[in-house]
Structures are given as structure tokens and as C-alpha cells.
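Some notes on the structure that comes next.
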Amino acid sequence: MITIQDLYNIVGNKISNEMGKAIIRNNIPPHIADQMCNAIDAHESADHFQRLMQEWIELQQRQQQIVQTFLSQYYSK
């Protein structure tokens, strides 16, 4: 489950990445800066995907536990 701390970290990372990209764009030739900024965006997307996958896995595990508990109680009667 995504917590308030997770959201805080996501927003903080987004702000940091945008500031970093602005610095890159102002100090590095455009063709190189574009590639570097694309890499930062790709990394950010990968991090987001990883968080979503982890949350999905946790939900699947909870669902499996619920089903197992139900079945064990159902068949123990």
C-alpha cells in the first residue's frame, strides 16, 4: 500500500528530477541534454512501475491469504 511517506518521496524525487533536468538543459549542449533528460524520465518511470508492481504483488499475497483462510475454515467444518 502506498503510504503518505511514499507520496512525499515521489513528489520530492519528481521535483529533484525536474530541477536536475533544468540544470542539465542550461549547461549541456542540447543534443546531449535531451538524451540525459530522457534517461532521467525513463528512470523515474521505471521506479514508478516498480512501486506499482510491488503494491500489486502485496495485494495478490493478501488475496491469497484470504482465500486460504476461507478455504481452511470452510473445510474444517
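The values are calculated or read from the model by the stated rules, or taken from the named source; none is laboratory data. Owing to the predicted nature of the structure, the values given are computational and were not obtained by experimental measurement. Note: ideal-geometry Cβ built from the backbone for every residue, glycine included; neighbour counts use all protein chains shown. In case anyone asks, the SASA skips ligands and DNA or RNA and just uses the protein heavy atoms, side chains included. Shrake-Rupley method; radii C 1.70, N 1.55, O 1.52, S 1.80 Å.
The table below gives the values:
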| read-out | value |
| --- | --- |
| Helical contribution to [θ] at 222 nm, DSSP H n ≥ 4, -39,500 (n - 2.57), averaged over the chain, rounded to 500 | -33500 deg cm²/dmol |
| Label corresponding to Rg/Rh (Cα atoms, Kirkwood Rh) when calculated from the structure given, among [x] 1.20; [y] 0.99; [z] 1.34 | [z] |
| Linear extension gain, His48 paired with Gln64, 0.36 nm per residue minus alpha-carbon span | 3.3 nm |
| In degrees, nearest ten, helix 30-75 long axis to first principal axis of the chain (Cα) | 10 |
| In degrees, nearest ten, helix 4-27 long axis to first principal axis of the chain (Cα) | 20 |
| Accessible surface, per residue, of the chain when the full set of protein chains is kept, probe 1.4 Å, Å² | 85 |
| Nitroxide proxy distance, nm - points 7 Å out along Cα→Cβ at Gln73 and Ala22 | 5.4 |
